[in-house]
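Visitor: A single structure is presented below for examination.
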Ligand code: MSP
């Protein structure tokens with residue numbers, strides 16, 4: 001029976017245009033889904049929008065729109081963006097979907113019945129931008145949000161509270177007995193330290209605005225936006241609906257991965273598992289928490305004018321170049337600074353010089369020296385043997401990388417193999433072998449090159465989704481190659497077709513290119529959400 005794999009992005013706030021930061025999370029999930037699918041898994045990749053709450057209500061009002069009109073527009077923008085970036089999601093959840101709202105209402109009633117929620121009154125501080133409650137000590141004298149730096153609001157209203165502390169020890173036990181629950185390790189330690197400080201009861205309803213899911217038994221309150229939002233991962237599988245087949249398949253019998261950035265790890269590593277314990281749903285998921293993409297060293301924000309939207313790169317260099325850059329630089333252990341200079345340099349070095357050149361040189365040698373047909377031939381040439389050894393090692397490392405969500409490392413490993421392959425051309429000098437008439441030796445070298453390109457391109461398929469099929473076709477193969485069981489030297493003969501144009505055209509004038517990107521960034525900032 002096929003194994004199942006369910007991967008989710010956070011559902012992004014329906015409050016503005018999505019930029020390259022949010023795109024990096026979605027691209028990561030997309031590439032992991034493609035990898036697992038190619039490994040024979042039955043996959044489900046979900047993304048969506050978080051549409052309720054005070055922040056969305058306020059932003060809609062600023063635009064003179066009703067919250068629903070505003071979020072409809074943003075949902076369309078998000079879907080268009082993911083399509084534009086070739087993100088192959090299977091389901092797009094919106095928290096204004098009726099089936100989501102109904103199930104969240106039911107969840108709230110279950111928690112009340114269980115005695116985990118009680119009515120009280122909240123008197124404290126709230127950051128609307130982050131939709132988070134803070135204590136006096138967290139916001140300091142100046143009353144600024146510790147996460148985004150904006151002034152917090154004083155909130156005084158009747159509110160329901162969830163007894164987080166009741167589950168504190170159970171959660172710690174769970175984290176200790178499931179070492180891969182929170183990855184990477186360092187992030188897990190932060191969560192454990194936070195829980196050990198002691199969990200305060202959490203306010204889980206708001207009663208001074210309307211844009212949310214009304215509580216069934218007390219409709220003066222709407223459900224706190226985080227409780228509403230977190231349940232998207234399950235409502236979208238219909239976990240409380242009559243037909244539970246998706247829930248059984250992709251939750252109860254599946255690998256489940258929630259990818260989130262560090263800013264929202266606590267919600268996912270503390271509130272989410274506790275909510276699930278409260279309603280007796282198995283904690284069958286892993287969290288992968290990553291860092292941020294920064295722009296010139298600062299968190300991207302429209303007000304600072306340092307946001308980059310994907311179109312800035314994609315329009316000129318194509319989707320694959322953008323996907324490659326974002327995932328090669330993916331911020332796992334530390335924040336990554338993204339700059340137009342860096343983008344151009346990676347593009348010209350990795351994609352144009354190393355990979356693109358290797359492909360075009362090898363294919364043209366195959367057509368010139370062997371009339372496009374190159375049969376497999378074994379050879380004891382030490383350089384070829386070394387390339388084969390490196391290929392086998394790379395495949396092994398790649399699987400380790402991808403299974404620990406390290407797409408940045410996976411790409412670096414493929415790139416090393418590409419360099420090793422380029423080196424074979426210098427070591428064996430095919431043009432000299434041709435001149436000397438050493439056709440068998442030459443055939444062994446050209447086969448080794450084409451075969452290494454096949455392996456590299458197959459490993460690149462989750463990332464370079466368009467150029468990989470162009471390369472396979474020019475190797476005379478099916479446009480789609482699977483990663484499962486990938487081995488060197490398994491093709492009997494390559495029938496190459498010369499490329500009509502370079503897969504990645506060189507950026508000849510990096511300085512001008514950078515200033516064009518900066519201009520386009522400025523223009524994109526003026527485009528309305
Ligand atoms: N709506 C909540 C999530 C609810 S999930 C149940 C939210 N939304 S958000 O729009 O603020 O998106 C946060 C997510 O966007 C981060 O966790 C991260 O995945 C992604 N990113 C947004 N900016 C980013 C960077 N600059 N860098 C990397 N990821 C970024 O929080």
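Read the figures in this text as sums done on the coordinates, not as results from a lab. Keep in mind it's a predicted model, so treat the numbers as computed, not measured. Here the Cβ is made from the backbone with ideal geometry for all residues, glycine too, and neighbour counts use every protein chain on show.
Visitor: With a ≥ b ≥ c taken as the square roots of the eigenvalues of the C-alpha gyration tensor of region 200-301, please select rounded if a/c is under 1.5 and otherwise prolate if a/b is larger than b/c or oblate if it is not? Please report the intermediate quantities before stating the final value.
Guide: Numbers: a/c = 2.02, a/b = 1.11, b/c = 1.82.
Note, shape of region 200-301 comes out oblate.
Visitor: Then there is this: Give, in nm to one decimal, the length gained when the segment between residue 263 and residue 248 is fully stretched (0.36 nm per residue of separation minus the Cα-Cα distance).
Guide: Contour length minus Cα-Cα distance gives 2.4 nm.
Visitor: OK, next. How high is the FRET efficiency between residue 423 and residue 189 when r is their beta carbon distance and R₀ equals 41 Å, given to the nearest 0.05?
Guide: Step by step, r from the Cβ atoms, then E = 0.50.
Visitor: Starting from the alpha-carbon convex hull of region 145-236, give the projected area averaged over all orientations, in nm².
Guide: 8.2 nm²
Visitor: Against the longest principal axis of the chain, how steep is helix 510-525, in degrees 0 to 90 to the nearest 10, with axes from Cα atoms?
Guide: Here the helix axis deviates by roughly 30 degrees.
Visitor: Separate question: Stretch residue 432-residue 372 to full length: gain in nm at 0.36 nm per residue minus the Cα-Cα span?
Guide: So the extension gain works out to 19.7 nm.
Visitor: Could you work out how far helix 407-428 tilts from the main Cα principal axis of the chain, as a 0 to 90 degree angle to the nearest 10?
Guide: 10 degrees
Visitor: Any idea how far the Cα center of region 46-71 sits from the one of region 7-39, in Å?
Guide: Going from one Cα centre to the other spans 21 Å.
Visitor: A follow-up question, please. Before anything else, pin down the relative contact order of the chain: Cα pairs under 8 Å, at least 6 apart, normalised by residue count, whole percent.
Guide: Numbers: 814 pairs, mean separation 84.1, N = 529.
Dividing the mean separation by the residue count of the chain yields 16 percent.
Visitor: Same structure again: Can you work out the FRET efficiency for the pair residue 99 and residue 150, with r the C-beta to C-beta distance and R0 = 45 Å, to the nearest 0.05? Don't skip to the answer; put the middle values down first.
Guide: Working: r = 34 Å, r/R0 = 0.75.
Working from the Cβ atoms, E equals 0.85.
Visitor: How large is the convex hull of the C-alpha atoms of region 311-495 per residue, in Å³?
Guide: So the per-residue hull volume is 119 Å³.
Visitor: Something else: Taking each pair of different alpha-carbon atoms in the chain once, compute 1/r for the pair, average those values, and report the inverse of that mean as the Kirkwood hydrodynamic radius in Å to one decimal.
Guide: About 25.3 Å, per the Kirkwood formula over Cα pairs.
Visitor: Can you give me the distance in nm between label points at residue 80 and residue 135, each placed 7 Å from the Cα along the Cα-to-Cβ direction?
Guide: 4.6 nm
Visitor: Pairwise over distinct Cα atoms, reciprocal of the mean inverse distance: report the Kirkwood radius of region 4-290 in Å, one decimal place.
Guide: 19.5 Å
Visitor: Using packing as a proxy for protection, rank 329-336, 43-50 so that the peptide with the highest average count of other Cβ atoms within 10 Å comes first.
Guide: Put in order of decreasing packing, that is 43-50, 329-336.
Visitor: As a test of the formula, what do you get for the chain when each DSSP H run with n ≥ 4 contributes -39,500 (n - 2.57) and the sum is divided by the residue count, at 222 nm and rounded to the nearest 500 deg cm²/dmol?
Guide: Helix contribution divided over all residues of the chain: -14000 deg cm²/dmol.
Visitor: Along the Cα-to-Cβ line of residue 440, 7 Å from the Cα, sits a label point; which residues in region 358-401 have backbone N less than 11 Å from it?
Guide: 378-380
Visitor: Continuing with the same structure: Quick one: helix 185-196 against the long Cα principal axis of the chain, what's the angle to the nearest 10°, folded into 0 to 90?
Guide: So the helix axis and the longest Cα principal axis differ by about 10 degrees.
Visitor: Taking only C-alpha pairs under 8 Å that are 6+ residues apart, what is the relative contact order of region 311-495 in percent?
Guide: 29 percent
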